[in-house]
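Asker: Structure provided below as structure tokens; questions to follow.
The values are calculated or read from the model by the stated rules, or taken from the named source; none is laboratory data. The model shown is predicted, which means the values in this text are computed figures rather than measured ones. All Cβ positions, even for glycine, are placed from backbone atoms using ideal geometry, and neighbour counts span all protein chains on display.
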Amino acid sequence: MRLFLTTSNLYKSAALAGLGTLMSAGRIVHGGMPPVLCISSMFLMLMFIAGAVNAWGQCAGMPGIVTARRTFLLGLLIVCILVFLILPIQVFWLDPALKSAMLKAGRPGLTALAYPETFAWRVSLLLWSAGFQTLFMAAAPMALAARITGRWPVALVFCAVLRALVGRLQVAEYGLAEHALPFTAAAVFPAAIACWLFARSGLAPAMIFGAGMSLHVFFAGPGAGAPAGQP
């Protein structure tokens, strides 16, 4: 707790929260959310998340927000290789199946959010994935679980189970229960990799990997319908 409340951690938290808020702004607007309220709330929430990620991650012996150059470059190399391998699977298998299932379930608005029509909205999705989604669904639970257990492999398993539960709830909410297993697995696998990257290479490679996992929307066709009022 003392590390969490230090001035140094406060400065790092504010900088990361500001960056994450800027990266999330486009997605908030695209989702039809009240921009002023949501963006200000996003900054305050990310202040706490960023502070926890840095403090708990350091206490658990992980690289944290700022890492050595060699560690970052090695993580970046791993990210490039992984994205190169995973992207074709997303483009040629997952995207066609997911879009078809969404449209059959009568969720054109959700399809439009998942597969934006314009280049700007696709960029906003990429930034959202790199920023808020990586912080909230990978770095924060990984840092907390590692701080509690003292072992990052145990924390990785915890985060994978958590992502599986969230993914299963999302699949059910979207009316895609018939395809629950493959779609949930497609969400858990990248999340587990992002957690591993955060634990071994730091936050920056994990965020870059998060962005890489959204590159597929630039190759997929646009979704149908208008935004449904959610990010």
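Asker: Applying the selection to segment 96-127, what residues are surrounded by 19 or more Cβ atoms within 10 Å (Cβ to Cβ), part of a helix (DSSP H, G or I) and out of contact with any Pro (no Cβ under 7 Å at 6 or more places or on another chain)?
Answerer: Within segment 96-127, Leu98, Ala101, Met102, Leu110, Thr111, Trp121, Ser124, Leu126, Leu127 qualify.
Asker: While we're on this one: Among Ala185, Ala199, Ala177, Ala172, which is of a type in the set (A, V, I, L, M), surrounded by fewer than 21 Cβ atoms within 10 Å (Cβ to Cβ), at pLDDT 85 or above and more than 27 Å from Phe119 (Cβ to Cβ)?
Answerer: Being of a type in the set (A, V, I, L, M), surrounded by fewer than 21 Cβ atoms within 10 Å (Cβ to Cβ), at pLDDT 85 or above and more than 27 Å from Phe119 (Cβ to Cβ) holds for just one of Ala185, Ala199, Ala177, Ala172, which is Ala185.
Asker: Based on this model, can you work out whether Leu165 counts as under 20 Å from Pro108 (Cα atoms), of a type in the set (A, V, I, L, M) and in a helix (DSSP H, G or I)?
Answerer: Here the answer is no, as Leu165 does not meet what is asked.
Asker: Further question on the same structure: Taking Pro35 as meeting all but one of (1) at pLDDT below 90; (2) closer than 25 Å to Ala145 by Cβ; (3) surrounded by fewer than 16 Cβ atoms within 10 Å (Cβ to Cβ), write down the number of the exception.
Answerer: That leaves (2) as the condition not met.
Asker: Please work out which residue is farthest from Arg147 (Cα to Cα), limiting yourself to segment 61-79 and to residues that are free of Cβ contacts under 8 Å to residues at least 40 places away in the same chain and not small (Gly, Ala, Ser). First the steps, then the outcome.
Answerer: To start, the set of residues in segment 61-79 that are free of Cβ contacts under 8 Å to residues at least 40 places away in the same chain comprises 68-70, 73, 77.
Next cut, not small (Gly, Ala, Ser) only: 69-70, 73, 77.
On the way: Arg69: 24, Arg70: 25, Leu73: 25, Leu77: 27 Å.
Filtering segment 61-79 for residues that are free of Cβ contacts under 8 Å to residues at least 40 places away in the same chain and not small (Gly, Ala, Ser), the one farthest from Arg147 (Cα to Cα) comes out as Leu77.
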